[in-house]
Amino acid sequence: MAREKGYVSPLLSNLAVDYSFKIREGLVGPIIFPRIPVGKPSGKYAVFDKEAAFKVPDTTMAGERSRAKEFAASGKMESYATIPHGLKAFIDKADLEFMDGPFKLWERRKTELLVSKLEVAQEKRIANTILNLQGRSAVLSGSGAAKTNKWSAASTTTGGDPVAAIKDAVNQCFFRPNLMIFNEAVYDALEYHPVLLKYLGEANLIKKVDEANLAKLFRIDRVIISKGKADFGKQNAGGTVNPASIWGDAVILAHTSDEWDQPCAGKTVAVQYAEADNQGYVVRTWDEEDGGMLGGEYVQVAHDTAELVVCKELIYSIKEVL
């Protein structure tokens, strides 16, 4: 598919889609904000609040020719607009001769690399969206035994009260959260926390907190320990890298759903482009004479997305827990 600048490759585009599924298996953003394909970069989506979820209007039809009252089954419609995100990489012509199945080896490698970077960047956007929601978080501070204090497994008097803090956060969501997320550093503080071990009682024979007994304790379907780290700072001359947890020292509680028109934490919309025969990714290649000894080729990977909050009252965070 020739264009003024390069060639849209359906094969590489579908490779990008397949590889993105593999990358997303190790991320939590796609679980909180499931990906939904859309046909164009702007449109409407439903947002919900408590009234839309719970309000039941008067159903009485009085009189022989009475009419049923109208009820808007979905939430309030709001506009969205997607934003293109892309990266490109140069391949020296000397490396382009090697083939790997239907692909040139370096085209495949560069495509996979760029997909992984784009997916991690989207994970960061989802994390920022959730953690910056106004009025939907509590911030812990200081040491002590109160639910407002930071968590540490050192003792019952200086390590906060994660049970009370998490129960308060659960009560901030009008549907019970079905997902709880925190990073490995937070888990280190919870793994042998004396307050949690006390609540788990003698049934917890190994005297250790894990995802399964946390889920049971708080009646949450799934507890995930996020492992993603990255450095989103600008490149520097020294090439130093300072990776940090994408989700920070926070605990995120959310009610998630794959249903497009149901109250849930959020959704990610991704534009499908028919010319690439794909599910959101477009991979384009073009020759580049001004590069390498013999010239070369650029591979560009891009997708057009928006990370949307569907119901902010189904998201709550406890921040700065450590």
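Computed from the coordinates by the stated procedures, all read-outs in this text should not be read as laboratory data. All values derive from a computational prediction rather than experimental measurement. Cβ coordinates were reconstructed from backbone atoms using ideal geometry, including for glycine residues, and neighbour counts include every protein chain displayed.
Quick notes on this one:
- Residue identified as of a type in the set (Gly, Ala, Ser), over 22 Å from Val28 (Cα atoms) and in contact with a helix residue (DSSP H, G or I) (Cβ under 6 Å, 6 or more places away or on another chain) among Ala94, Ala153: Ala153
- As for the range 144-153, it holds no residue that is in contact (Cβ under 8 Å) with a residue 40 or more places away in the chain, closer than 30 Å to Gln279 by Cβ and among the basic types (Lys, Arg).
- Every listed requirement among (1) surrounded by fewer than 17 Cβ atoms within 10 Å (Cβ to Cβ); (2) touching a Phe, Trp or Tyr at 6+ places or on another chain (Cβ under 8 Å) is met by Val186 save one, (1).
This table checks each residue for (1) among the basic types (Lys, Arg); (2) within 30 Å of Gly201 (Cβ to Cβ); (3) in contact with a strand residue (DSSP E or B) (Cβ under 7 Å, 6 or more places away or on another chain).
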{"site": "Asn213", "(1), (2), (3)": "no, yes, no"}
{"site": "Lys216", "(1), (2), (3)": "yes, yes, no"}
{"site": "Lys234", "(1), (2), (3)": "yes, no, no"}
{"site": "Asp261", "(1), (2), (3)": "no, no, yes"}
{"site": "Lys267", "(1), (2), (3)": "yes, no, yes"}
{"site": "Ala274", "(1), (2), (3)": "no, no, no"}
{"site": "Glu288", "(1), (2), (3)": "no, no, yes"}
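- Residue within the range 103-110 that is in a strand (DSSP E or B), at negative phi, surrounded by 15 or more Cβ atoms within 10 Å (Cβ to Cβ) and among the basic types (Lys, Arg) present: yes
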